[in-house]
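Below: one structure, written as structure tokens.
The values are calculated or read from the model by the stated rules, or taken from the named source; none is laboratory data. Just so it is clear, the structure is predicted and the values come from calculations on it, not from any experiment. Note: ideal-geometry Cβ built from the backbone for every residue, glycine included; neighbour counts use all protein chains shown.
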Amino acid sequence: MSWSDLLAHHYHIHGTLTPLPGEYDLNLLVTTDNATQYVLKVMRPDCDPALVELQCAALEHIATVAPDLPVPRLVRTHTGAAYVAANDRLIWLITALPGEVYATFRPHTAALRTDLGRRAAQLDQALMTFTHPALSRPLKWNLLQAEWALDQIAVIVDPDRRQLAAAALHDYVGVKSTLCALPHTAIHNDLNDYNLLVSASPKGVVSISGILDFGDLCSAPRICELAIAAAYALLDQPDPLRCLSDLVKGYHAVWPLTITELDLLWPLLRARLAVSVVNSALMQQQRPDDPYITISEAPAWRLLAATATTDPELVAARLRVSCGMPFSPAATRVQSWLAAARGHFAPVLGCDLTNAPVVSLAVAEQPLPQDPFALTAAEARRLCETTPATVQIGRYAEPRLIYTEPAFFTANHPLAERRTVHLGVDLFAPSGTPVYAPLPGMVVAVERFTAPLDFGGMVVLEHQTPNGDHFYTLYGHLDPNSLDHLHVGESIAAGQPFAALGDAATNGGWQPHLHLQLILDLRALEGHWPGVAAPDEWEWWQAVCPNPAPLLNLADEQVAYQPIDTTGLLQERRRHFAGNLRLSYAMPCTLVRGWRHYLFDDWGNTYLDAYNNVPHVGHAHPRLQAVAAHQLRMINTNTRYLHPAQIAFAHELLAKLPPPLSVCFFVNSGSEANELALRLARTFTGARDMITIDHGYHGHTTGAIDISAYKFNHPAGSGKPDWVEVVMAPDPYRGPYGADGERYAAEVDRAIERIAARGRRLAGFIAETFPSVAGQIIPPPGYLAAVYRRVRAAGGVCIADEVQTGLGRLGTHYWAFTTQDVIPDIVVLGKPLGNGHPIGAVITTAEIAQAFDNGIEFFSTFGGSTLSCAVGREVLRIIDEEGLMANAAHIGNDLLAGLRELQQRHPVIGDVRGMGLFIGVELVSNRTTRAPATTAASYIKERLRAERILIGTEGPYDNVLKIRPPLTFDRAAFTVLLERLDTVLAESFIARVVE
């Protein structure tokens, strides 16, 4: 009988059968007519029935004790049998699980590795009470039996590779007695990257969705389970130790590990790799044409080679720290002794520091450097200026943007991981100040560094507690000439001066200061001597280099930076702000600094801002800072008083507009500006009704929402007011008329007819000139001319909302309406005009302004304040003098070309459109039907945020990636954007979205 017939006969299930990969057995995916899926397991001819019984029993045990675990469910035959014999084979059936195998799934995130560790622990807990005689069978994959690989090591022909594998197996032999002494339990024993399924959500959350193949079940210590999972999860990862920490954290959070188990993990992981490569070599001899046999061989060799010289003791220490355990017993004793001896150490600078002021260099508190990628010499001189009588303290654990080099071994690009978190305490004092040993020590390192380390002279002393535990202190930024008498091995007495502070040249240009760092294990630093850590590595480095406050006879809190409590901020926000005041992204950003098109969070991580149009000329522009500060030192008042700033701003703004637009109203925001534009139209025409574009947005005030279809047509919106008519957005990609602007404009005729049928007249037409919220739409040529002609013929006025598109964003045109060869009657501007300062403007004709002057005063308290006018005028000058409009054209063209190249390789991209730095990328699940890929857009937005790139999504289906950065966006920025977008577009979730 065929396998299909056997399936129907024994299970009463009919479907199509598709082969799946496997090492020994035949696995067939069964898909029924209603899309239900199973896996038919057809065992090899000589399979021991006990092996099938073992797997069936384990699956049913897990289903009983841990029903939430994502493991297959055994499907019994219609007679209740767990398996049957047919065609000289044993066959059995299990449910299929969703997801893609871990090996091919992308991305492999830290969260995924942590989830794998968590699932492994849950599985081990579920199997803890499972017993079966076959668990103790001979099995080459049982790490308790791994010596066989050492016996067969000669099968590896290459001598260097043979030595790599042999070394790992010899390390295993050295720990086997400790391993065997641990409690044994049933374990899966093969959580490799092809036995795990992974799924992703539209929010970019990746998780383990399936655990497969229980054929290697055995009895062993549970640490073997974690070691095997880690051996495969670390394959081809750029930072294996960080990956291993992620995995261990997940396991430990569910089922806490012991120190003994953690100490065994590294040699067991490497032993599994060695067993794997030896087995591959043997199997290659027997079955040279079977690709499954050697599928993990090459990455296993790479990982063995990459980890060959890694200190296993440091790995164990790192894993203990990941699990919240002490770095080492000795380190715990050292810290306890230091705390007890606090107050009795010799003063490091020869003076009492109890009342020394603390100065901040923190990213959230210190505006220097203005450019976080380049500390200038002038800025360096201003850092922590001291007087001869004053010592100032720079805090431990403080995240700073002052260190402009990327972290060790990372690429030098704008989003490279940076070392920002200070590992010591700085003591700012005059050059030449003597440095004293706080306690007896021995010199173990003397260095005379030059740029880029900027340490000047450096000394490391070794100390010993009364109990014989060793620790170290590092002293940086010393005068190299003061170290001429020192040599390694020299003893230094407590209170003995052994060096002096260097001048600014040996302090990176800063004010002279001592960098004091406490070190519990010198092996973690030797060769690099980092004084700063990357935020993602902080957990490890604070364990290696804890707060040195005891050595200064100070309380820890006196010198330690208190980080922003982001969890508390979020809780307080939820408590005191309305729920519909939403945060961007599933994982909110805590952003505290900005520069040009970059943003920085509270730990100093860099984000690329490809989304925020409000900082039009770039975040934290120094010219705007200077203008605002100057004006605030003078006066800030309103338009009820004469001031040259208001007239100067109006002149420069009107010079950018066609002559009929000659009268300015300054307000606080685009919302207020659109509200005023609505009043102007109604007053001038004496009519009330308005026409607006579908899915348009004009602000959050009552009147602005009434003309914003994006808001009133929302399922929770109030609905279209009876005085508003909505016309189709002129969308050449998705609209029914393609690029025929006249046919879209004809929608206005029907809207005017409906208004007339109600016995009313048209007041005006309002639209974002290029509809942004509707999906970054570029209207067809001639569209607005056709619309304006109809509106004016009906007695209405034409309002151009240029909040998103004005002020040179389009590169080739200062205003979007000029691309359509029209002149509106009213132009609305918003916050980009003030680069984030609250400002808006309405510019109209003298005729409309005169009609509005009907005896009722118009006044906006802060609209047109002297400060706002000074800032707005400077924004206009910056655009011109820094060539930002030309930059938008040049960079925008190149970015659009790059996006269109991505479109050729990624079918999820249906359309790329835009002008300058106003760009939309529309995502579809099918290019033929143009079905919107909303989930893909959400996924990409969240994944790019995880990659520290900020974009938005828009459109009626929320399927358009909105790219709308500050006009400073440059080649380095768009290169990183394209590279990371390309990577995300190739990830597994996106591939499943496309039909």
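With respect to the conditions (1) closer than 28 Å to residue 179 by Cβ; (2) buried (at least 21 other Cβ atoms within 10 Å of the Cβ); (3) not acidic (Asp, Glu), residue 91 falls short on a single one, namely (1). The residue that is surrounded by the most Cβ atoms within 10 Å (Cβ to Cβ), among those in the range 304-318 that are among the small types (Gly, Ala, Ser) and within 17 Å of residue 259 (Cβ to Cβ), is 317.
Would a scan of the range 668-680 turn up a residue that is crowded, with 22+ Cβ neighbours inside 10 Å, within 26 Å of residue 887 (Cβ to Cβ) and touching a strand residue (DSSP E or B) at 6+ places or on another chain (Cβ under 9 Å)? Scanning the range 668-680 turns up at least one residue that is crowded, with 22+ Cβ neighbours inside 10 Å, within 26 Å of residue 887 (Cβ to Cβ) and touching a strand residue (DSSP E or B) at 6+ places or on another chain (Cβ under 9 Å).
With respect to the conditions (1) hydrophobic (A, V, I, L, M, F, W, C); (2) surrounded by fewer than 20 Cβ atoms within 10 Å (Cβ to Cβ); (3) within 38 Å of the chain's Cα centre (by Cα), residue 187 falls short on a single one, namely (2).
All conditions but one from (1) touching a helix residue (DSSP H, G or I) at 6+ places or on another chain (Cβ under 9 Å); (2) under 30 Å from residue 984 (Cα atoms) apply to residue 907; the one that does not is (1).
Looking at 570, 583, can you tell me which residue is free of Cβ contacts under 8 Å to residues at least 40 places away in the same chain, outside any loop (DSSP other than H, G, I, E, B) and of a type in the set (A, V, I, L, M)?
Details: 583 fails: outside any loop (DSSP other than H, G, I, E, B).
Criteria check complete, one pass: 570.
Each residue in the range 960-971 was checked for being crowded, with 22+ Cβ neighbours inside 10 Å, in contact with a strand residue (DSSP E or B) (Cβ under 9 Å, 6 or more places away or on another chain) and touching a residue at least 60 places away in the same chain (Cβ under 8 Å), and 8 of them qualify. The set of residues from the range 218-243 being out of contact with any Pro (no Cβ under 8 Å at 6 or more places or on another chain) and part of a loop (DSSP other than H, G, I, E, B) comprises 237, 238, 239.
Does the range 61-81 hold any residues that are farther than 17 Å from residue 30 by Cβ and either of a type in the set (A, V, I, L, M) or buried (at least 17 other Cβ atoms within 10 Å of the Cβ) (or both), and which are they?
Once the filter is applied, which keeps residues that are farther than 17 Å from residue 30 by Cβ and either of a type in the set (A, V, I, L, M) or buried (at least 17 other Cβ atoms within 10 Å of the Cβ) (or both), the range 61-81 yields 61, 62, 63, 65, 66, 69, 70, 71, 81.
(1) crowded, with 24+ Cβ neighbours inside 10 Å; (2) of a type outside the set (S, T, N, Q); (3) touching a Leu at 6+ places or on another chain (Cβ under 9 Å); (4) without any contact (Cβ under 8 Å) to a residue 60 or more places away in the chain: which one isn't true of residue 794, the others all being true? Looking at each condition in turn, residue 794 falls short on (1).
Residue-by-condition table, conditions (1) farther than 16 Å from residue 243 by Cα; (2) acidic (Asp, Glu):
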residue: 261; (1), (2): yes, yes
residue: 266; (1), (2): no, no
residue: 279; (1), (2): yes, no
residue: 303; (1), (2): no, no
residue: 323; (1), (2): no, no
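Scanning the range 606-620 for residues that are part of a loop (DSSP other than H, G, I, E, B) and either closer than 12 Å to residue 965 by Cα or touching a Lys or Arg at 6+ places or on another chain (Cβ under 6 Å) (or both) turns up 610, 611, 612, 613, 614, 615, 616, 617, 618. Looking across the range 474-520 at every residue that is small (Gly, Ala, Ser) and closer than 27 Å to residue 375 by Cα, the one that is surrounded by the fewest Cβ atoms within 10 Å (Cβ to Cβ) is identified as 505.
Check the range 353-374 and report whether any residue there is surrounded by fewer than 19 Cβ atoms within 10 Å (Cβ to Cβ), among the hydrophobic types (A, V, I, L, M, F, W, C) and more than 30 Å from residue 604 (Cα to Cα). For the range 353-374, residues surrounded by fewer than 19 Cβ atoms within 10 Å (Cβ to Cβ), among the hydrophobic types (A, V, I, L, M, F, W, C) and more than 30 Å from residue 604 (Cα to Cα): absent. Pick from 139, 150: which is surrounded by 17 or more Cβ atoms within 10 Å (Cβ to Cβ), outside any strand (DSSP E or B) and out of contact with any helix residue (DSSP H, G or I) (no Cβ under 6 Å at 6 or more places or on another chain)? Among 139, 150, only 139 is surrounded by 17 or more Cβ atoms within 10 Å (Cβ to Cβ), outside any strand (DSSP E or B) and out of contact with any helix residue (DSSP H, G or I) (no Cβ under 6 Å at 6 or more places or on another chain).
Applying the set (1) crowded, with 18+ Cβ neighbours inside 10 Å; (2) among the aliphatic types (A, V, I, L, M); (3) part of a helix (DSSP H, G or I); (4) not assigned by TED's automatic domain parsing to the domain that holds residue 735 to residue 871 leaves exactly one unmet item: (4). Of the residues making up the range 530-559, those that are of a type in the set (A, V, I, L, M, F, W, C), in the same structural domain as residue 477 (by TED's automatic domain parsing) and not in a helix (DSSP H, G or I) are 545, 554, 555. For the range 653-678, the set of residues classified as over 16 Å from residue 824 (Cα atoms) and in contact (Cβ under 8 Å) with a residue 40 or more places away in the chain consists of 666, 667, 668, 669, 670, 671, 672, listed by residue number. Residue 946 meets each of the listed conditions (1) closer than 30 Å to residue 781 by Cβ; (2) touching a Ser or Thr at 6+ places or on another chain (Cβ under 8 Å) apart from (1). Just so you know, in the range 640-659 the residues that are in a loop (DSSP other than H, G, I, E, B), at pLDDT 95 or above and not hydrophobic (A, V, I, L, M, F, W, C) include one that is farthest from residue 840 (Cα to Cα), and it is 658.
Applying a threshold of 8 Å to beta carbon distances and a minimum spacing of six or more residues, or different chains, the list of pairs starting in the range 233-253 at a residue that is in the same structural domain as residue 305 (by TED's automatic domain parsing) and in contact (Cβ under 8 Å) with a residue 24 or more places away in the chain and ending at one that is among the acidic types (Asp, Glu) and part of a loop (DSSP other than H, G, I, E, B) reads 233/193; 235/193.
A count restricted to the range 334-345 and to residues that are surrounded by 17 or more Cβ atoms within 10 Å (Cβ to Cβ) and assigned to a loop (DSSP other than H, G, I, E, B) stands at 1. Going by the conditions given, is residue 834 without any contact (Cβ under 8 Å) to a residue 40 or more places away in the chain and of a type outside the set (D, E, K, R)? It is false that residue 834 is without any contact (Cβ under 8 Å) to a residue 40 or more places away in the chain and of a type outside the set (D, E, K, R). Condition check for residue 172 on (1) closer than 25 Å to residue 54 by Cβ; (2) part of a helix (DSSP H, G or I); (3) aromatic (Phe, Trp, Tyr): one failure, at (1).
Could you please let me know if residue 459 is modelled with pLDDT of 95 or more, in the same structural domain as residue 427 (by TED's automatic domain parsing) and buried (at least 22 other Cβ atoms within 10 Å of the Cβ)?
On the way: modelled with pLDDT of 95 or more: yes; in the same structural domain as residue 427 (by TED's automatic domain parsing): yes; buried (at least 22 other Cβ atoms within 10 Å of the Cβ): yes.
In short, yes.
Residue 119 passes every criterion in (1) surrounded by fewer than 19 Cβ atoms within 10 Å (Cβ to Cβ); (2) within 28 Å of residue 208 (Cα to Cα); (3) charged (D, E, K, R) apart from (1).
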